[in-house]
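Read the structure below first, then the notes.
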Amino acid sequence: MLPHPDTTLMPQALHATQRALDIEARAIDAVWELNADTIPQALELIASSQGHVVISGLGKSGHIGAKLAATWSSFGTRSE
């Protein structure tokens, strides 16, 4: 059985969590800013494809790829 967590460390844990989420949010914003002009083009290309859209990856990226494929399939774009 795991020991009960030390609640005196909660303020530091909350601060570290907020800092990590702030860093991730800024990274997502930066990716959008760098690619805002090309994302619509990429989405149009995928949506207008006549064949299958193949999304691949190993491990975590494979799980994300499977979710993306399911999303595209739900929009009517054949993907795997």
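Of note:
- Residue in region 56-75 that is touching a helix residue (DSSP H, G or I) at 6+ places or on another chain (Cβ under 6 Å) and open to solvent by less than 70 Å² (accessible area, probe 1.4 Å) present: yes
- Scanning region 4-25 for residues that are open to solvent by 60 Å² or more (accessible area, probe 1.4 Å) and closer than 30 Å to Ser74 by Cβ returns Leu21, Glu24.
- Residue check for His52: in contact (Cβ under 8 Å) with a residue 12 or more places away in the chain and open to solvent by 60 Å² or more (accessible area, probe 1.4 Å): yes
The values are calculated or read from the model by the stated rules, or taken from the named source; none is laboratory data. The shown structure was predicted, so the numbers you read here are calculated from the model rather than taken from an experiment. Reconstructed Cβ throughout: ideal geometry from the backbone, glycine too, with neighbour counts over all protein chains shown. Surface accessibility is based on the protein's heavy atoms, side chains included, excluding ligands, DNA and RNA. Shrake-Rupley method; radii C 1.70, N 1.55, O 1.52, S 1.80 Å.
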